[in-house]
Amino acid sequence: MMTGTAAWADRLLQSFAQAGYVRAEPPILQPAEPFLDLSGEDIRKSLYLTTDANGEELCLRPDLTIPVARDYLRSPEAGQSAGFSYLGAVFRYRSGKPSEFLQAGVESFGRQDRAAADAEMLALALEAIAAVGIADVEIRTGDVALFIALIDALGLYPVWRRRLIKDFNRKITLEQDLERLAQASLATRNEYEGVLAALAGSDRKAALALVTDMMSIAGATAVGGRTVAEIADRFLEQSTLKGGALPRDALNVLKRFLAISGAPNEAITQLRSLSSDAKLDIGAAIDQLEARVGFMVERGIDIKKVRFATAFGRGLDYYTGFEFELHRKGNGAEPLVAGGRYDGLLSQLGAPSPIPAVGFSIWIEALAQANGSSIAARGRVS
């Protein structure tokens, strides 16, 4: 472990404690199911897995957000406003890099003042960066709630909605998929024609029920590594695509939306113009963005240094709103800090009613490298 690094990382926790965030220390060994359910089976190849005597699949924690959230839900504070900070080892296979590394961060649960809480997270992240001597960083922000609001306002088929949101969340280039959806419907696949006809106009629940019944009759639980839900989604997608193409006007609106980037206030102006021109009801999502920007100013954040892009996404399915990354200037690949809003996560982990949540993680390894480079650069200048 990086003991020297851990020493100054621990000072970060002290600053978070002064801001009211209590130290959380969840167990290293965690149930694997939440990570697989929320991040997809693709994460399995990077997990360190084992099985207990009862057959439950366990893993070394690959991050700390889900473990901290699980502990919060089991605590007397569940459902109430509460904030936690953490510093600990996480374990994930990374080709050519150590599989054990340190992660610090902050998680805030239960706050209803979402715009203010979002701004506080970004402010705390910037303070953490400054505390280790890194003053000049790129602030990249986005808001998946805006994209979801746009998709809903366009009234697209549910299968198109799911597919485009999945593309967005997983950082898949949308342009190619948008063009494909706007082309003519796919050629008929005779072997599945009856299934596709039966699914015409169905929602996901009905499609899942039909495919589950079919596979139960066949005595199968998976085909080619795909689960029943994945197979149902694929059939439903094919059924929808056979019914026609994505309307060209919707495609044009989506392209115009995804091209918006720059200073937050300029982006807000462009979004309101798009909303008015296309007669789309996305005002509430834009208002939330504008309120967040206002709270950022109140927290002392220089908005001129914040870059907002409608196409920005963190690549994780559970984000539901504000997302951000802090990068060292000139290093476009790996963030020093990353986080955002994930209001749906705690319900997926078993909360009986929705609980707002927002937070961020600090990549101690990257921060230590940037800190060392920054110190070296200052030495050369002096």
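The values are calculated or read from the model by the stated rules, or taken from the named source; none is laboratory data. Bear in mind that the values here come from a model prediction, so they are computed numbers and not experimental data. Positions of Cβ are backbone-derived with ideal geometry, glycine not excepted, and every protein chain shown enters the neighbour counts. When the accessible area is computed, the model is the full protein with side chains, heavy atoms only, and any ligands, DNA or RNA have been set aside. Shrake-Rupley method; radii C 1.70, N 1.55, O 1.52, S 1.80 Å.
For this structure, a couple of remarks:
- Region 92-141 shape via C-alpha gyration tensor axes, a/c threshold 1.5: oblate
- Estimated FRET transfer efficiency when R0 is 22 angstrom, pair Leu29-Gln80 (beta carbons, to 0.05): 0.20
- Relative contact order %, region 298-354, counting alpha carbon pairs below 8 Å whose residues are six or more apart: 27 percent
- Within region 104-133, backbone nitrogen closer than 15 Å to the virtual label 7 Å beyond the Cα of Ala333 toward Cβ: none
- Summed residue charge, Cβ within 12 Å of Arg272's Cβ, Lys/Arg positive, Asp/Glu negative: -4
- Taking 0.36 nm per residue of sequence separation and removing the Cα-Cα distance, the Tyr93/Ser353 pair yields an extension gain of 90.2 nm.
- Residue-by-residue Karplus 3J(HN,Hα) for region 114-131, coefficients 6.51, -1.76, 1.60, Hz, glycine and proline x: 4, 4, 5, 5, 4, 4, 5, 4, 5, 4, 5, 5, 5, 5, 5, 4, 5, 5
- Descending by average beta-carbon neighbour count within 10 Å, the peptides 354-360, 248-254 line up as 354-360, 248-254, the highest first.
- Exposure of Trp160 as accessible area (Å², to 10), given a probe of 1.4 Å and all protein chains: 10 Å²
- Counting only protein heavy atoms and a probe of 1.4 Å, the accessible surface of region 265-355 is 48% carbon and sulfur.
- Using the Karplus relation 6.51 cos²θ - 1.76 cosθ + 1.60 with θ = phi - 60°, the per-residue 3J(HN,Hα) values for region 82-94 come to 7, x, 9, 10, 7, 8, x, 7, 10, 9, 7, 5, 9 Hz, with x marking Gly and Pro.
- Estimated FRET transfer efficiency when R0 is 51 angstrom, pair Val22-Arg248 (beta carbons, to 0.05): 0.45
- For region 1-121: rounded, prolate or oblate by the Cα gyration tensor [a/c cutoff 1.5]: oblate
- Cross-link table Lys97/Lys166; Lys45/Lys305; Lys97/Lys255; Lys45/Lys304, entries beyond 31 Å C-alpha to C-alpha: Lys45/Lys305; Lys97/Lys255; Lys45/Lys304
- With a simple spin-label model that places each label point 7 Å from the Cα along the Cα-to-Cβ direction, the separation between Leu49 and Arg272 comes to 5.1 nm.
- Averaged over residues, the count of other Cβ atoms within 10 Å places the peptides 75-84, 320-329 in the sequence 320-329, 75-84, highest first.
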